[in-house]
Amino acid sequence: MKLNRTTLVVSLLLAFAANKTVIAQADKYDKEYSPYQGLDTPDNVYFGDTHLHTSWSTDSGMAGATLTPDDAYRFAMGETVTSNLGWKTQLRRPLDFIVVADHAENLGLADFIRREDPILMANEQGKKWVEMTKAGKGYDAFLEWIRAEDNDLIDDPKMVKSAWDKVTTNADKYNRPGVFTAFHGFEWTSHPNGNNMHRVVIFRDDKEKTNQVLPYSQFDSVDAEDLWKYLQSYEDKTGGKVLAIPHNGNLSNGYMFDTKTLSGDPITEAYAKTRMKWEPIVEVTQQKGDGETHPFLSPDDAFADFETMDAGNISGKVAKTNDMLPGEYARSALKEGLKQEAELGANPFKFGMVGSTDNHTGLATTREDNNFGKAHFVEPDPHRIEHVLIEGEKPELSLYAKDLGASGLAAVWARENTREAIWDAMARKEVYATSGSRLKVRLFAGWDFQESDLAREDFASNGYANGVPMGGDLSQAPSGKSPTFLVQALKDQDGANLDRVQIIKGWLDKGGKTHERVYDVAVSDDREIDKDGICKEPVGNTVDVKNATYTNDIGAVAQQAYWQDPDFDAKEKAFYYVRVIEIPKPRWTAFDAKFFNLKLEDDVKMIVQDRAYTSPVWYTPN
């Protein structure tokens with residue numbers, strides 16, 4: 001029917017009248033038609049780097065790195081940046097968030113030297129280093145700085161204040177709520193006796209609050225308990241919020257998750273509670289090695305030997321011994337936490353897990369085919385595989401570039417891409433680690449989940465309503481029931497298929513002894529999981545090392561699993577976390593060999609199976 005103007009107006013008026021009636025009808029009901037009213041559960045996963053350095057870290061800038069915090073932000077947001085060695089480089093996809101965590105110790109010193117800043121020129125030591133640099137002896141100045149260790153040769157609060165003001169201004173400049181999150185942060189760089197005890201400090205707040213304090217450095221104290229006092233004083237003074245993320249522990253020679261304080265006293269209930277208040281999550285994978293577990297600690301775990309670096313501590317001063325390993329790796333620490341909780345009444349190691357890079361290049365690269373290295377001198381180069389990253393005080397304990405991974409990323413489940421939402425997810429431990437890929441992993445645990453819940457269109461909403469997500473707690477087991485788990489995993493859209501999904505369980509038995517077990521809960525390619533919960537058949541291998549290629553002819557795009565603990569004892573403390581393993585693909589060393597036409601030694605690893613680790617869910621008997 002053809003409508004003339006009059007007919008159309010009459011039709012619109014009738015429709016409007018009908019709508020008025022509908023609106024009036026809505027007032028008669030005590031609920032809303034839309035099921036999404038008030039929905040606030042985390043529905044997005046955001047990927048970022050919580051541990052990136054630029055030339056404003058003195059161990060980077062004075063050693064020759066040139067990229068600035070501005071470069072780091074632009075690169076993380078997807079722009080093309082020229083690397084320290086002159087390569088044009090870009091991420092395949094931008095990150096969602098970043099923490100430019102330059103070292104607090106003489107923050108920005110290289111930039112002050114370059115600009116011959118008046119504050120530095122008024123400082124006797126600072127002026128000396130400026131003159132040495134101008135005379136072509138900048139590396140000698142760097143060696144003089146690094147040999148001072150925890151002695152502040154500059155010792156000028158004006159310089160710290162000036163540098164921190166620029167850091168906080170920059171973070172606010174690049175922070176774009178809903179699009180890209182730039183956190184205020186720094187790294188506290190304690191390594192007493194060469195043992196890595198570093199922490200990255202991350203603020204939830206903007207410059208108005210963070211500028212009321214100065215970064216805390218090893219010049220203030222090398223004891224983490226003093227750092228926690230600093231964090232408390234920040235919150236007391238500003239009303240803001242802050243947390244710290246311990247560095248992966250594999251270079252601490254057992255001190256990162258020690259059951260004694262730095263002064264040698266046994267840890268207490270107060271220590272345990274304080275540590276967990278300020279350090280809810282831990283970095284478990286990065287370029288300087290993976291920190292989930294170790295083959296010596298987990299001999300029955302076929303995937304335990306992953307990017308293992310275990311020669312000594314970070315300075316190469318003391319060789320590693322097996323008795324140090326439990327205090328270095330996340331899985332052992334999680335088990336020890338159950339034991340300590342039984343003895344102290346609080347768990348000092350009840351942490352979630354993230355990955356990050358710890359790159360000192362300003363470039364947050366994590367893909368095997370785009371690895372710009374840990375430091376500027378191990379950016380792509382025909383000889384970088386031969387380079388030493390950190391020369392050990394004992395040469396045999398040096399860290400070599402060929403052993404570095406391309407890790408890692410922090411993945412966060414949140415409602416929106418803002419400082420507040422992402423920081424809050426970290427605080428509640430709804431986060432997971434990847435060794436560089438952007439795998440999507442979701443975990444829920446409860447008492448009454450069914451396998452059919454995997455197919456629900458409201459999978460996540462049901463998970464939150466009837467259970468807890470990663471980072472959560474279960475308690476008070478109903479009589480005769482064991483915990484049930486729902487897991488969904490999706491491959492990186494630009495990456496490798498999935499080999500398998502595993503649940504790692506740790507528990508404390510009635511005799512006070514800890515245990516662990518790995519269960520395969522989903523495997524690809526019609527392979528079978530045996531009665532012991534293990535798939536012994538490998539997924540296969542499509543890697544062409546010579547051409548640095550692979551295909552996704554094997555593995556699965558997505559995997560999901562419903563699992564119920566077959567060995568549950570309601571009287572035993574336990575934790576559970578998910579590990580997702582990708583199919584084999586070329587390691588960054590294979591890409592280097594192809595690009596530079598290299599023939600590498602047999603001891604250089606050329607294939608990798610990247611992975612993800614979720615934060616645990618804990619079970620505590622009443």
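General remarks:
- Shown here for segment 457-543: GluC sites (Glu not before Pro) in loop regions (DSSP other than H, G, I, E, B) with at most 12 other Cβ atoms within 10 Å, namely GLU457, GLU528.
- GluC sites (Glu not before Pro) restricted to DSSP loop in segment 541-614 with at most 13 other C-beta within 10 Å: GLU601
- Fully extending the segment from THR321 to ALA342, taken as 0.36 nm per residue of separation minus the present Cα-Cα distance, adds 4.8 nm.
- Spin-label pair LYS127/ASP300, simplified geometry with 7 Å Cα→Cβ offset, distance in nm: 6.8 nm
- Acute angle (nearest 10 degrees) that the helix 269-278 long axis makes with the longest principal axis of the chain, alpha-carbon atoms: 80 degrees
- For segment 569-580, the Karplus equation 6.51 cos²θ - 1.76 cosθ + 1.60, evaluated at θ = phi - 60°, returns couplings of 10, 4, 8, 10, 5, 7, 9, 9, 9, 9, 10, 10 Hz by residue, with Gly and Pro reported as x.
- Along principal axes, Cα extents of segment 507-617, largest first, whole Å: 59, 31, 22
- Annotation: lysines with alpha-carbon distance below 23 angstrom to LYS127 (same-chain offsets under eight excluded): LYS137, LYS158, LYS161, LYS166.
- Aspartates and glutamates whose Cα lies under 15 Å from that of LYS585, excluding same-chain neighbours fewer than 8 positions away: GLU307, GLU368, ASP369, ASP492, ASP494, ASP499, ASP544, ASP553, ASP610
- Extended-chain gain in nm, criterion 0.36 nm per residue less alpha-carbon gap, ALA570 and LYS536: 9.3 nm
- For segment 541-555, backbone phi angles converted through the Karplus equation (6.51, -1.76, 1.60; θ = phi - 60°) give residue-by-residue couplings of 7, 9, 6, 9, 4, 4, 9, 6, 10, 7, 10, 9, 6, 10, x Hz, Gly and Pro being listed as x.
- When the Cα positions of TYR174, LEU67, SER263 are compared along the charge dipole of the chain, TYR174 comes out farthest toward the positive end, with charges on each C-beta of Lys, Arg, Asp and Glu.
- Segment 338-385-segment 537-553 distance, computed between alpha-carbon centres (Å): 26 Å
- C-alpha long axis of helix 138-147 to longest principal axis of the chain, angle in °: 80 degrees
- For segment 224-239, Karplus couplings with θ = phi - 60° (6.51, -1.76, 1.60), whole Hz, Gly/Pro x: 4, 5, 6, 4, 4, 5, 4, 5, 5, 5, 4, 5, 4, 6, 10, x
- The trypsin sites (Lys or Arg not before Pro) of segment 512-576 meeting both criteria, a DSSP state outside H, G, I, E and B (loop) and at most 15 other C-beta atoms within 10 angstrom of the site's C-beta, are LYS513, ARG527, LYS531, LYS536, LYS546, LYS571.
- Accessible surface of segment 224-336, 1.4 Å probe, proportion on carbon and sulfur as whole %: 50 percent
- Considered as an equivalent ellipsoid built on the Cα gyration tensor, segment 415-553 has semi-axes of 29, 23, 16 Å, the largest given first.
- The value for segment 16-171 of Rg(Cα) / (2.2 N^0.38 Å) is 1.71.
- Evaluating kT/(6 pi eta Rh) at 10 °C and 1.306 mPa s, with the Kirkwood radius of the chain over Cα pairs in the Stokes-Einstein relation, gives 62 µm² s⁻¹.
- Pairs from the list LYS531/LYS573; LYS277/LYS505; LYS317/LYS374; LYS481/LYS531; LYS374/LYS605; LYS320/LYS546 with a Cα-Cα gap above 26 Å: LYS320/LYS546.
- For the chain, the per residue solvent-accessible surface stands at 43 Å², with DNA, RNA and ligands left out and a 1.4 Å probe.
- Placing +1 on the Cβ of every Lys and Arg and -1 on the Cβ of every Asp and Glu, with no other charges, gives segment 24-162 a dipole of roughly 580 debye about its Cα centre.
- Length available on full extension from GLU396 to GLN476: 0.36 nm per residue minus the Cα-Cα distance, which gives 23.7 nm.
- Modelled spin-label separation between TRP87 and TYR36, with each label point placed 7 Å from Cα along the Cα-to-Cβ direction: 4.1 nm.
- Cα-centre dipole for the chain with unit charges at Cβ (Lys and Arg positive, Asp and Glu negative), debye to 20: 1680 debye
- Here LYS31 is the anchor, and the aspartates and glutamates within straight C-alpha reach of less than 20 Å, apart from those fewer than 8 places off in the same chain, are ASP40, ASP458.
- Point-to-point label distance, ASP43-GLN232, nm (Cα→Cβ direction, 7 Å offset): 4.1 nm
The values are calculated or read from the model by the stated rules, or taken from the named source; none is laboratory data. What you see is a predicted model; the values in this text were computed from it and never measured. Cβ: placed from backbone, ideal geometry, glycine included. Neighbour counts: every protein chain shown. The accessibility values were calculated without ligands, DNA or RNA, using every heavy atom of the protein model including side chains. Shrake-Rupley method; radii C 1.70, N 1.55, O 1.52, S 1.80 Å.
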